[in-house]
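Colleague: Take a look at this one; I'll ask things after.
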Amino acid sequence: MNRDHERAQLAHEQVEAIRGATGGDGGVKRRKAYGAACHKLPILVHQAGLAAALHHLAALRVAGGYKGKLLDHLAAQAHAAGLLTSHSRASLLQMSRSTSPAEVQRLTREIQRSLEWYKRFATMILKVESAEQDEEDERE
C-alpha cells in the first residue's frame, strides 16, 4: 500500500469515528464544526503557513472539541508518515513552529495531502459542504 492509500484509509477511519461519536440530531453542530475545519484548514495553510494555521485551530474556543480532533487526526497522519515521534497534538504544533525549514516543508506537504482526504470524507461521510458551512458561519 502506498502512502496516499494509507492517508486515505486512516482519514476514512477517523472521519467515520467522528460520525459515530456525533450520531443523532445533537451531533449535527459538532459534525459541521469538524467538517468546516476540514474544508477551511487547507486554505488557511496555503495562505498563512502551516504553523499559523495549526495554531489558529488550536486557539479556537472549541479546539478541545471536534475541531481539535482534526489536530489529533493530522498528528496521527504525520506520525504514520514518520515525521513525528508521537501522534500527539502538542508534537504536531511544536514541530510546525520549531524545526528546520526543510522539515516544515515536508510536514506541510504531508498535512496538505492528508487534508485533501479529510475534506473529501467530510463531504461524503459527514455530509458537510463548504458553502453550507459558510452560510452557517455568517449566521453565528
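Where a number appears in this text, it was derived from the coordinates with a stated rule and is not lab data. Every value quoted in this text rests on a predicted model; they were computed, and no experiment measured them. Every residue, glycine among them, receives a Cβ derived from its backbone with ideal geometry; neighbour counts consider all protein chains shown.
Colleague: If you take the beta carbon distance between residue 16 and residue 47 as r and set R0 to 41 Å, what does 1/(1 + (r/R0)^6) give as a FRET efficiency, to the nearest 0.05?
Modeller: After rounding to 0.05, the efficiency reads 0.90.
Colleague: Continuing with this model, one more query. If the elastic network links every pair of Cα atoms under 10 Å, which of 30, 109, 89 fluctuates the most in the Gaussian network model of the chain?
Modeller: 109
Colleague: If I stretch the segment between residue 105 and residue 28 completely, what's the gain in nm (0.36 nm per residue apart, minus their alpha carbon distance), one decimal?
Modeller: The span from residue 105 to residue 28 would gain 24.2 nm if fully extended.
Colleague: Let me ask something else about it. Taking other Cβ within 10 Å of each residue's Cβ, how do 46, 87, 5, 73 sort, fewest first?
Modeller: With the fewest neighbours first, 46, 87, 5, 73 line up as 5, 46, 87, 73.
Colleague: Treating only the Cβ of Lys, Arg, Asp and Glu as charged (+1, +1, -1, -1), what charge dipole size does the chain show about its Cα centre? Round to the nearest 20 debye.
Modeller: About 300 debye.
Colleague: Report the calculated FRET efficiency for residue 88 and residue 3 (r = Cβ-Cβ distance, R0 = 25 Å), to the nearest 0.05.
Modeller: It comes out at approximately 0.75.
Colleague: Based on DSSP H runs of at least 4 residues, each adding -39500 (n - 2.57), what is the mean residue ellipticity at 222 nm of the chain after dividing by all its residues, to the nearest 500 deg cm²/dmol?
Modeller: The helix-only estimate for the chain comes to -25500 deg cm²/dmol at 222 nm.
Colleague: I've got another one for you. When the scattering of segment 42-131 is computed by the Debye formula from its Cα atoms alone, each counted once and equally, what is log10 I(q)/I(0) at q = 0.12, 0.16, 0.23 Å⁻¹?
Modeller: The Debye formula, applied to the Cα set alone, gives -0.34, -0.61, -1.26.
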